[in-house]
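The structure under discussion appears below in the form of structure tokens.
Throughout, read-outs are computed from the coordinates displayed, never taken from laboratory work. All of these numbers come straight from a predicted model, not from anything done at the bench. Methodologically, a virtual Cβ is constructed for each residue, glycine included, from the backbone with ideal geometry; neighbour enumeration extends over all protein chains shown.
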Amino acid sequence: PDPHLRAYLAKCRAKLPKQPGAVLEQRLESGGQHDDTELASRLGMSLNTFLQNFTRARKFLRECLEKTGINLDLELS
């Protein structure tokens, strides 16, 4: 656990556009207990729209974190 990383993540999550933010929130709150079809339905989205918004959320988060100097390109050996 890195408190600085958590703080940066929280700041970046707060900057997400409405729909990608809602999709990410549903995924995190679900904790893997519900499939994406159910989560999409809760938000009144088709599965495809839900997945597109999740991809956008990941992209926005990555770009935001990279602007703070956090490199997410991990090299596994």
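Applying the selection to segment 33-66, what residues are among the small types (Gly, Ala, Ser) and under 21 Å from ALA14 (Cβ atoms)?
Step one: of segment 33-66, the residues among the small types (Gly, Ala, Ser) are 40-41, 44, 46, 57.
ALA57 - this is the single residue of segment 33-66 that is among the small types (Gly, Ala, Ser) and under 21 Å from ALA14 (Cβ atoms).
Keeping to segment 6-47, report how many residues are among the aliphatic types (A, V, I, L, M) and touching a Gly at 6+ places or on another chain (Cβ under 9 Å). Reasoning before the result, please.
Taking segment 6-47 as the starting set, the residues that turn out to be among the aliphatic types (A, V, I, L, M) are 7, 9-10, 14, 16, 22-24, 28, 39-40, 43, 45, 47.
Checking the rest, the ones that are also touching a Gly at 6+ places or on another chain (Cβ under 9 Å) come to 14.
Residues that pass the stated criteria total 1.
Being among the hydrophobic types (A, V, I, L, M, F, W, C) and either in contact (Cβ under 8 Å) with a residue 12 or more places away in the chain or under 14 Å from PHE50 (Cα atoms) (or both) is the filter here, so list the residues in segment 2-27 that pass it. Working first, answer last.
In the first step, residues of segment 2-27 are kept if they are among the hydrophobic types (A, V, I, L, M, F, W, C); the result is 5, 7, 9-10, 12, 14, 16, 22-24.
Those that are among the hydrophobic types (A, V, I, L, M, F, W, C) and either in contact (Cβ under 8 Å) with a residue 12 or more places away in the chain or under 14 Å from PHE50 (Cα atoms) (or both): LEU5, LEU9, CYS12, LEU16, ALA22, VAL23, LEU24.
List every residue pair whose Cβ atoms sit under 7 Å apart, with the two residues 6 or more apart in sequence or on different chains, where the first one lies in segment 36-54 and is touching a residue at least 24 places away in the same chain (Cβ under 8 Å) and closer than 15 Å to LYS18 by Cβ and the second, anywhere, is among the basic types (Lys, Arg) and assigned to a helix (DSSP H, G or I).
Filtered contacts from segment 36-54: PHE54/ARG27.
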